[in-house]
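Chemist: Structure in structure tokens, see below.
The values are calculated or read from the model by the stated rules, or taken from the named source; none is laboratory data. This one's a predicted model, so the numbers in the text were calculated from it and none came from an experiment. Here Cβ is always computed from backbone atoms with ideal geometry, including for glycine, and neighbour counts include all displayed protein chains.
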Amino acid sequence: MAQKLPVFCIAAVASNRGIGKDRRLPWKLDGDLRMFSRLTKETRTPEKQNAVVMGRETWLSIPSRHRPLRDRVNVVLSRSLEEPPDGVRLYHGFQEAIDSLQSDECRDKIETIWVVGGSSVYEAALCICDRIYLTHIEKEFDCDTFFPVFDTQLFQPASVDPRVPKDIKAENDVSYRFCVYERQQ
Ligand SMILES: NC(=O)c1ccc[n+]([C@@H]2O[C@H](COP(=O)([O-])OP(=O)(O)OC[C@H]3O[C@@H](n4cnc5c(N)ncnc54)[C@H](OP(=O)(O)O)[C@@H]3O)[C@@H](O)[C@H]2O)c1
């Protein structure tokens, strides 16, 4: 059987596990956005792209001038939308989206499936994903959306991606660090 595409979650998470407030990111961390952009865009095979899978609210949280996210296959989940936004693949369920992206037809064009939020989409992805890329923001923020609690025995920190620096970053008086958690088989 053909190899499955890797599925990775990626999120920036405050120390109270918050990820968003009023459909926005509660912080401004350009270094984190650059890392998000690099990781989700870069492919080893130049003719392939990565997919970014997101809920409808996360899609709407992206400034309109940046949507769809460039050089990536944009996948939006919604039970209410009937027509896909321009340049987007729309699915009505998480597993349906993953099955479609893992199909023979898509596997030739896609390298990695990045799950980019929000809460319930991460929750569904944690059952199947191979890695979690977290930016740990070392400060509490007032949030209305949170990253799910995950099993830290099942997902353990690992130095598996040389693109991810280990040092502590600081911007706008906020410290943060990148961490990759790998599923233990
Ligand atoms: N810090 C970070 O890294 C990060 C990352 C992403 C987002 N965010 C923040 O998180 C917030 C948005 O996240 P959210 O959790 O509120 O919303 P969300 O998950 O982005 O979107 C929720 C909507 O997506 C659809 N959906 C979700 N799961 C689905 C499924 N399994 N099948 C079909 N449709 C599904 C539903 O749309 P319908 O109602 O149309 O059915 C649902 O109402 C924003 O504040 C954003 O800035 C932060």
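Chemist: Within region 165-180, can one find any residue that is in contact with a Phe, Trp or Tyr (Cβ under 7 Å, 6 or more places away or on another chain), over 22 Å from residue 37 (Cα atoms) and either at pLDDT 95 or above or not in a loop (DSSP other than H, G, I, E, B) (or both)?
Modeler: no
Chemist: Of all the residues that make up region 61-87, how many are over 15 Å from the mean Cα position of the chain (by Cα), within 11 Å of the ligand (Cβ to nearest atom) and surrounded by 14 or more Cβ atoms within 10 Å (Cβ to Cβ)?
Modeler: 2
Chemist: Tally up the residues in region 119-150 that are within 19 Å of residue 171 (Cα to Cα), touching a Cys at 6+ places or on another chain (Cβ under 6 Å) and assigned to a loop (DSSP other than H, G, I, E, B), please.
Modeler: Here the count works out to 0.
Chemist: Could you say whether any residue in region 114-131 is more than 11 Å from the ligand (Cβ to nearest atom), surrounded by fewer than 18 Cβ atoms within 10 Å (Cβ to Cβ) and polar (S, T, N, Q)?
Modeler: No, every residue in region 114-131 fails to be more than 11 Å from the ligand (Cβ to nearest atom), surrounded by fewer than 18 Cβ atoms within 10 Å (Cβ to Cβ) and polar (S, T, N, Q).
Chemist: For residue 28, all conditions in the list (1) loosely packed, with under 12 Cβ neighbours inside 10 Å; (2) within 26 Å of residue 85 (Cα to Cα); (3) of a type in the set (Lys, Arg) hold save one; what is the number of the exception?
Modeler: The single condition residue 28 does not satisfy is (2).
Chemist: Please indicate, with yes or no, whether at least one residue in region 9-23 is surrounded by fewer than 18 Cβ atoms within 10 Å (Cβ to Cβ), in a loop (DSSP other than H, G, I, E, B) and free of Cβ contacts under 8 Å to residues at least 40 places away in the same chain.
Modeler: Yes, some residue in region 9-23 is surrounded by fewer than 18 Cβ atoms within 10 Å (Cβ to Cβ), in a loop (DSSP other than H, G, I, E, B) and free of Cβ contacts under 8 Å to residues at least 40 places away in the same chain.
Chemist: For region 93-107, how many residues are farther than 12 Å from residue 52 by Cα, of a type outside the set (S, T, N, Q) and either in contact with a helix residue (DSSP H, G or I) (Cβ under 7 Å, 6 or more places away or on another chain) or in contact (Cβ under 8 Å) with a residue 40 or more places away in the chain (or both)?
Modeler: 4
Chemist: Still on this structure: Would you check which residues across region 38-60 are of a type in the set (Asp, Glu) and within 13 Å of the ligand (Cβ to nearest atom) and list them?
Modeler: Matches in region 38-60: 57 only.
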